[in-house]
Amino acid sequence: MTETTNAFDIAQGQFDHVAELLNLDQPVREMLRWPTREFKFQIPVRMSDGGTQVFFGYRVQHNDARGPSKGGIRFHTSETMDTVRALAMWMTWKCAVADIPLGGAKGGVAVDSATLNRDEKERLTRGWIGQMYRNIGPRLDVPAPDVGTSPQMMGWMMDEYSKLAGEYTPGVITGKPVGSGGSKGRTEATGYGVVYTIRETLQHLKLDAGKMSASVQGFGNVAQYAARGFTEQLGGTVVCVSWWDNKERRAISVSSDKGLDIAFLQSITDQYGDIDQEKAQEAGYKLEDADAWLSKDVDVLIPAALEGQLNGETVHKISDKVKILAEGANGPTTQEADAVLNERGIFTIPDFLCNAGGGTTSYFESVQNDMNYYWSKGEVLERLDFKMTEAHRRVLEMSTNEGVPMRDAAYMVAIGAVVEAMEMRGWL
Ligand code: GLU
């Protein structure tokens, strides 16, 4: 049988596996393996050439037992109802494992952002709100950025919602630009959160952070700050980064055995995470094929791009030297690959724990919006570190006590918290 790479099948498969371990009742399983509400809608956009193009938009609210649902909006060509369902479900577990009082949701538009000019992008972004504004809100469902969306786009969305609501409503969306209701530290938050969980893992495994090397898939927001944090905060070396080259329509890796200068790489990267090949080569770096990042002899692998990248086929390319897999991306590992990782004893920091820093700082942003009082960057990152460290500790404790891998342990912590909220609200 060929393995499934459908993200929702993977999300449901992971859930079913732990539901069995926890011996959950049938109605609870039914409620949690499917989203509570789903929206699919058309967004007609007037293009700059005078014509109209119709896009499909999505929003899925998986569960809101613990509070308003929360999760990003992704603009990507491969967006479907199933990818959004999976990502919404993982948001529920993410907020629960990080112990923030929010549920899970996700949204998207099937589009390649890079093909739109600024005006078209603004109209599409405002159009998404036009369709969804009755069903989102600070006490209902709070979107945020994800792949292909930016703080500027969140700013437009907040403005559109505020106009329709008739009052300034910054708490309807997070990841806004700083100075327009955004939180300091939100840009770095997901990547730095990944680094905090790696730091805690290294401590647990008694490994010296300064001697560690890493290889990263992706060079978008999460990957950039995970790589920076890994070198600047932990003192490790990043030897390889892969990215999606928009002009050539293919993934490429850039590497240096001595280590890449991440701040320099950022300076030659555009807003879509596309690195300038020529400048990278001028700096003495080597360009390699897409999968090179995966087979490097490193201690830590950080997939920070899209779902399903580590599967039954690619997992065998991982070097014997790899000790830790830190999942910066959502759903990067299929169940077949996961079984191989467990067998090989690679310590996995599962996605919804590893990358919970973005959602957590989004929560801080909405708290600041409610108070209309803003924290310093140091304060935000300190609180983030505390939350991530605590979440890591809870999952590690569950893993040790129950004798299960970190992914199952994270699910156990998260599902336990959601079921408890559902019970207290009288849903069960
Ligand atoms: N899109 C991010 C994620 O997958 C952030 C979600 C949020 O901030 O609400 O975690």
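Every read-out reported here was derived from the displayed coordinates using simple, explicitly stated rules and does not represent laboratory data. Fair warning: this is a prediction, and the values are worked out from it, not measured in the lab. When we count neighbours, we look across all protein chains shown, and the Cβ atoms used for this are built from the backbone with ideal geometry, even at glycine.
Just a few scattered comments:
- Reach of Lys211 by Cα under 14 Å, taken over aspartates and glutamates that are not fewer than 8 positions away in the same chain: Glu232, Asp257, Asp297, Asp299
- With N the number of residues in region 332-409, Rg(Cα) / (2.2 N^0.38 Å) evaluates to 1.39.
- Ranked by how many other beta carbons lie within 10 Å on average, peptides 347-358, 382-393, 259-270 from highest: 347-358, 382-393, 259-270
- Debye log10 I(q)/I(0) at q = 0.20, 0.22, 0.32 Å⁻¹ for region 206-256, Cα point scatterers: -0.67, -0.77, -1.19
- Inter-label distance, nm, simple model (7 Å from Cα along the C-beta direction), Gln26/Glu3: 3.1 nm
- Pair-distance distribution of region 1-118: all C-alpha pairs, bin width 10 Å, starting at 0; shares per bin in whole percent are 13, 38, 29, 14, 5, 1.
- The chain: relative contact order as a whole-number percent, Cα under 8 Å and 6+ apart: 16 percent
- With kT/(6 pi eta Rh) evaluated at 25 °C and eta = 0.890 mPa s, and Rh the Kirkwood radius from Cα pairs, region 165-314 diffuses with a coefficient of 150 µm²/s according to Stokes-Einstein.
- Reduced Cα scattering model of region 231-273, Debye log10 I(q)/I(0), q = 0.20, 0.21, 0.26, 0.33 Å⁻¹: -0.69, -0.75, -1.00, -1.21
- Translational diffusion of the chain, estimated by Stokes-Einstein from the Kirkwood radius over alpha carbon pairs at 4 °C in a medium of 1.567 mPa s, is 60 µm² per second.
- Semi-axes of the equivalent ellipsoid for region 277-329, computed as √(5λ) from the eigenvalues of its C-alpha gyration tensor and ordered from largest down, come to 22, 13, 11 Å.
- Listed residue pairs exceeding 31 Å between alpha carbons, taken from Lys94/Lys258; Lys121/Lys184; Lys247/Lys387; Lys94/Lys176; Lys279/Lys387; Lys184/Lys247: Lys94/Lys258; Lys247/Lys387; Lys279/Lys387; Lys184/Lys247
- Two-decimal ratio, region 284-374, of alpha-carbon radius of gyration to 2.2 N^0.38 Å: 1.36
- Overall form of region 92-159 per C-alpha gyration tensor (a/c, 1.5; a/b vs b/c): prolate
- Surface/4 estimate of mean projected area, convex hull on alpha-carbon atoms of region 125-200, nm²: 5.7 nm²
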